[in-house]
Every structure is written in C-alpha cells, then in structure tokens.
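Only one structure is covered here, and it is reproduced in the block below.
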Amino acid sequence: MAARFEFGSKLDGFYIPYASVRRRASPKKLVYGAHGRIQRGGSDDSWAIHREHLARSAYIRLYGPSASRIFSRAIWPEIRSELYRQLVYARRIIDSDPWWSVLNLCRLVYDFKRGGIVASKLGAARWALNRLPSRWKPVIKSAIKTYKGIGDRKDRTILKRDARRFLGFASIRIIAFDIALDTRRQKTAYLRKSRTGTGR
C-alpha cells in the first residue's frame, strides 16, 4: 500500500494471533507495519486502551466477527495505567512535538474527567475549548491547526510559548480528576455492598 498509494506509508497496524488477542497481557514479538515497511518484534503499549476502543465499536469491521467476540474487555486499572504512560510520553516530547502533546493532554484530561476512553484527540480538543479556562484556547487551537496541516508561524510561536505551561495545568487536572474518580468508585462500591448486605 505504501508503494501504490500516497498515504500508504502513513498506515500502521499489528498482525496479532488469535491466541494472543484473547489474553489481557500485552502481546509481544508482533509482526507490524510502520513507515511503509513490514517490521518484526513489536508490542502494543496501549493494549488495554485499544481493547476498550474495540469494545466501544470505535473501529470499522472489514471482515469476520465483531470485535466484542474476539477481544477481552479492559478494566479501569489497566486503562488508567496506560493513560498515565501517555502522560509521561507527552511530557517527554512536549518540546519536539508540542501540538501532539497538547492534543493528547486534552484527551487525557477528558478521559479522567469522564472515567473512560471514547473521544479522539480532536474530539477531546473541541471539548477542551468549551470546558477548560479560556486562557488555553490559543494553544489548543494552534495544536488543532498544526494537526490539520494548516498551522503557521504564529501557531508555532504559541505552541513553543504555551505548550509546557499547558502541560503543567493539564497534569494537575488529570491528577485531581483521577482522585475524584477514585473517590466516586469507592463510594459506589460501598453502596453496592450495602445493598447486598455485605457491607455492614
């Protein structure tokens, strides 16, 4: 596809044996496509997140049974751990790829606020434009424009100036939402036990 189509080299993907798909553990030593070439020895560092996307029908099925009949559902502790890894990665590349980091930070804030993963980076960025303090609108808009390939010199200046500050703000929000979410889950568990008579 990389040889025949203009955007073929932009595609990536794994070839995952069925036995590996059924496990909760992240599959290793995978054959995968990246940068227009077949590679070997890959792993999926966002396995739980990808499984949750599939469980929520965030895919297009070309052939075969539905994903829910193949992939096991992810549980929140698995997803949470991988989301924090994405936060670490966003910090690592905040200077080299600020637009990607800003968009992914928007998605991380959204995910921890909602306690699940549904939105794309662009969808979460649009949510952030409406819900986060207005002072972050310029850096988010510049990240969106850069993602779409229409960013200009002004956008690069804004990202260079504000991306790291947005990282600090988003990190605090993520932790706060995570604590609140954990508190809500504990209360729900207590109520559930009370209803069944096991929490007395």
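The values are calculated or read from the model by the stated rules, or taken from the named source; none is laboratory data. Computed from a predicted model, the values in this text were never measured in an experiment. Cβ coordinates were reconstructed from backbone atoms using ideal geometry, including for glycine residues, and neighbour counts include every protein chain displayed.
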- Task: Please find, within the range 58-71, the residue that is nearest to Ser26 (Cα to Cα) out of those that are surrounded by 14 or more Cβ atoms within 10 Å (Cβ to Cβ) and under 20 Å from the mean Cα position of the chain (by Cα).
- Result: Phe71
- Query: Just wondering, is there one or more residues in the range 41-51 that are more than 29 Å from Ile174 (Cα to Cα), over 21 Å from the mean Cα position of the chain (by Cα) and either surrounded by 11 or more Cβ atoms within 10 Å (Cβ to Cβ) or modelled with pLDDT of 85 or more (or both)?
  - Reply: yes
- Message: Need the failing condition index for Val31 against (1) of a type in the set (A, V, I, L, M, F, W, C); (2) more than 22 Å from the chain's Cα centre (by Cα); (3) at pLDDT below 85, just the number.
- Response: (3)
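Conditions (1) free of Cβ contacts under 8 Å to residues at least 60 places away in the same chain; (2) touching a Cys at 6+ places or on another chain (Cβ under 8 Å); (3) under 26 Å from Arg51 (Cα atoms), marked per residue:
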| position | (1), (2), (3) |
| --- | --- |
| Ile75 | yes, no, yes |
| Tyr110 | yes, no, yes |
| Lys141 | yes, no, no |
| Asp155 | yes, no, no |
| Ala163 | no, no, no |
| Phe169 | yes, no, no |
- Message: Condition check: among the hydroxyl-bearing types (Ser, Thr, Tyr) and farther than 18 Å from Arg165 by Cβ. Does Ser120 satisfy that?
- Response: yes
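This table checks each residue for (1) in contact (Cβ under 8 Å) with a residue 40 or more places away in the chain; (2) of a type in the set (A, V, I, L, M); (3) under 29 Å from Val21 (Cα atoms).
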| residue | (1), (2), (3) |
| --- | --- |
| Gly64 | no, no, yes |
| Phe71 | yes, no, yes |
| Ile79 | no, yes, yes |
| Leu87 | yes, yes, yes |
| Ile93 | no, yes, no |
| Leu105 | yes, yes, yes |
| Gly116 | yes, no, yes |
| Leu122 | no, yes, yes |
- Query: Take the residues of the range 72-108 that are more than 26 Å from Asp152 (Cβ to Cβ) and among the hydrophobic types (A, V, I, L, M, F, W, C): which is surrounded by the most Cβ atoms within 10 Å (Cβ to Cβ)?
  - Reply: Leu108
- Could you tell me whether Ser96 is more than 30 Å from Leu181 (Cβ to Cβ) and in the same structural domain as Gly149 (by TED's automatic domain parsing)? yes
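This table checks each residue for (1) at pLDDT 95 or above; (2) within 19 Å of Arg85 (Cβ to Cβ).
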position: Leu108; (1), (2): yes, yes
position: Ala119; (1), (2): no, yes
position: Leu129; (1), (2): yes, no
position: Pro133; (1), (2): yes, no
position: Trp136; (1), (2): yes, no
position: Ala143; (1), (2): yes, no
position: Thr183; (1), (2): no, no
position: Gln186; (1), (2): no, no
position: Thr198; (1), (2): no, no
